[in-house]
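Each remark here refers to the structure printed beneath this line.
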Amino acid sequence: MEYLPGFLTAYSILLVAVMSPGPAVAMLLGISMSRGRASAVVAAIGVAAGSITMGTLAVIGLGVLVAQAAWTLTVMRILGSAYLLWMAYGAFRKAAQPGAIRPAEMPPLSRPRAFLTGYLMQITNPKAAVFWVAIASVGATHEAPVHLIALFLAGSFVMSLAGHMGYALALSSSPVRAVYLKARRGVEATLGVLFTFFAFKLATSRS
């Protein structure tokens, strides 16, 4: 399949990003500690919904730009590579810090508000937009047929949903949360290496 290598690379980057402890994980940690597992799971669904919204907009927008001027794809790849390197730098910096992740302060949340909290956090994050442009660039999703784009986005949603729901379920358990926070620095260092690798792969891609 012509687009399979690019799709698999894009999925790999997405998997590493989902594993990366960022604002969404801090939010889920705060909700799981203050509102319980069910609310954290609903918020995770909101994060995944926001992620696929950003992904859809990125794929459509990149396709329009490339249709107007092919050189924009090269620019997007350079910007995407730079952003992945920035994520690598952030991961290495966090790995060097001895402190644990601080759970986000969360007000009382109903289930609909928990979903909205996760959704809005994702779609209002400008870094998420840049990240999804990088995903769309390395996966060459703008070149694929519509049905393959839909399949790619559906797979991205499932991956984001599974990852963030996994965080919500795990972080609502005190023993698991303690183990995760203890291993955080090693996780961050590993993620930094992976982000660096994917930045190089995106920058040197010729497709």
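Bear in mind these aren't lab numbers, they're just calculated from the coordinates by the rules spelled out. Quantities reported herein were computed from a predicted structural model and do not represent experimental measurements. Here the Cβ is made from the backbone with ideal geometry for all residues, glycine too, and neighbour counts use every protein chain on show.
Tabulated results
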quantity	calculated
³J(HN,Hα), Karplus 6.51/-1.76/1.60, whole Hz, each residue of the range 147-153, x for Gly, Pro	5, 6, 4, 4, 5, 4, 5
Local electrostatic count at Gly46 - Lys and Arg +1, Asp and Glu -1, tallied over other residues with Cβ under 12 Å	+2
Net +/- balance of residues flanking Ala95 in space, Cβ distance below 13 Å, scoring K and R +1, D and E -1	+3
Cut-off 9 Å between beta-carbons: net charge of the residues surrounding Glu188, Lys and Arg +1, Asp and Glu -1	+4
